[in-house]
């Protein structure tokens with residue numbers, strides 16, 4: 001989903017403020033160049049928010065989690081142009097949900113979450129695969 005007009009894209013690209021690279025491109029660069037560097041740190045109050053201990057994730061671990069979640073979305077018949085709604089605190093799982101649809105669903109942009117169009121009413125205890133209907 002591209003929210004800027006072509007004129008605005010051209011203006012800011014020519015000014016050097018915007019590049020052709022997306023968030024996903026930068027993430028993939030970091031996976032290649034520094035896979036074991038910590039990229040996400042949960043808030044200290046994560047356990048109070050969702051009942052899980054705070055974690056620190058490396059680019060490699062986040063990449064694996066995004067791939068696994070993309071496969072879970074496909075198993076739920078989620079495909080390109082479907083809508084996914086989530087409401088979770090600002091934890092690593094939320095960041096991962098921004099990355100997952102780009103993996104196996106053929107989305108061209110980093111803001112892929114906005115381009116999906118099916119409502120999912122699921123509650124999950126853990127993003128790592130323990131899904132159940134809520």
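All of the numbers you see were taken from the coordinates with simple rules; none came from a lab. Because the structure is predicted, anything quoted here is derived from the model rather than measured. Reconstructed Cβ throughout: ideal geometry from the backbone, glycine too, with neighbour counts over all protein chains shown.
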Which ordering of 98, 26 is given by a fewest-first count of other beta-carbon atoms within 10 Å?
-> 26, 98
Extension gain (nm, one decimal) between residue 33 and residue 94, 0.36 nm per residue minus Cα-Cα = 19.6 nm
